[in-house]
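The values are calculated or read from the model by the stated rules, or taken from the named source; none is laboratory data. Values in this document were obtained by computation on a predicted structure and should not be read as measured data. Counting neighbours? That spans all protein chains shown, and the Cβs are built from the backbone with ideal geometry, glycine included. Note: accessible area is taken over every heavy atom of the protein model, side chains too, but ligands, DNA and RNA are not part of it. Shrake-Rupley method; radii C 1.70, N 1.55, O 1.52, S 1.80 Å.
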Amino acid sequence: MDLPTFLWVLARVAGLASFIALSISLLTGLALRTAVLDWAGTNRALRSTHEYTAVLWMPLGALHIVALLFDDTARIRLVDLVMPFLAPLSVYGLRGAIAVGLGTLTLQVFALVAVTGWLKRRMPAGAWLWIHRLSYLAFAMLFLHALLGGTDFSDPLVSALTWSVALALGVLSLARVVWGRLPA
């Protein structure tokens, strides 16, 4: 396998692994506070899984980004990592430029949620809660990033996994709205 192919594969595998870690983190976090799943609220293994995967996505996401930076096909620039929607249309086209911009925003929002997660005890509870809820927005952006920018959606397994996670998050969110939230 040559280096460009390796970097392309590494970027995709790291991106998918990061997506899976974030998916597990969101699903377990939602399950911990949804009243219809009250038995899960005291489950230490579920809480540990949520906390572990909330950190696990970071090195996987970093590997995804580094591989894309070195991938000559992706042509991601350093500025694209900090300023969303500056990717040149001539290189990516509209769909690709939107995907890169969404990836940048997703990274920034999930990083904000992670940092404030570590600062939870030093923040007002209401502020922390609203920042933490940005995870749902970030997941929606991540989903669109993958849908618009990835070639992996053509794989039935990847597509089924991604749509299943989105459906599960939707169902759990609806259950939380209907049956309420467990107290912290």
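Expressed as an acute angle from 0 to 90° and rounded to the nearest 10, what is the orientation of the C-alpha long axis of helix 89-118 relative to the principal long axis of the chain?
Roughly 30 degrees, rounded to the nearest 10.
Calculated from DSSP H runs of 4 or more alone, at -39500 (n - 2.57) each and per residue, what is the 222 nm mean residue ellipticity of the chain, nearest 500?
Using -39500 (n - 2.57) per qualifying helix, the result is -27000 deg cm²/dmol.
Provide the net charge surrounding residue 16, with neighbours chosen by a C-beta distance below 13 Å and charges set as Lys +1, Arg +1, Asp -1, Glu -1.
-1
Using a probe radius of 1.4 Å on heavy atoms only, what accessible surface per residue do you get for the chain? Whole Å² is fine.
Solvent-accessible surface per residue comes out at 57 Å².
Give me the percent of the accessible area of the chain that comes from carbon and sulfur atoms, probe 1.4 Å, all protein chains in place.
C and S fraction of accessible area: 73 percent.
Mind running the shape call on segment 64-104? Use the C-alpha gyration tensor, a ≥ b ≥ c as the square roots of the eigenvalues: rounded below 1.5 for a/c, prolate if a/b tops b/c, oblate otherwise.
It is oblate, given that a/c is not under 1.5 and a/b is not larger than b/c.
Kindly identify segment 134-184 as rounded, prolate or oblate by the Cα gyration tensor criterion: order the square roots of the eigenvalues as a ≥ b ≥ c, call it rounded if a/c is under 1.5, otherwise compare a/b with b/c, prolate if a/b is larger, else oblate.
Verdict is prolate for segment 134-184.
Measure nothing but the geometry: give the 0 to 90° angle between the long axis through the Cα atoms of 156-179 and the longest principal axis through the Cα atoms of the chain, rounded to 10°.
So the helix axis and the longest Cα principal axis differ by about 30 degrees.
Can you pull the percent of Cα pairs in segment 89-184 with separation above 23 Å?
Percent of Cα pairs beyond 23 Å in segment 89-184: 40.
Once the principal axes of the Cα atoms of the chain are found, what is the range along each, listed largest first in whole angstroms?
Reported extents, whole Å, longest axis first: 50, 37, 28.
For the chain, find the longest principal axis of its Cα atoms and tell me its angle to the long axis of helix 125-149, 0 to 90°, nearest 10.
Relative to the chain, helix 125-149 is tipped by roughly 40 degrees.
Mind listing the Cα extents of segment 25-104 along all three principal axes, in Å, largest one first?
Computed over segment 25-104, the largest-to-smallest principal extents equal 53, 22, 18 Å.
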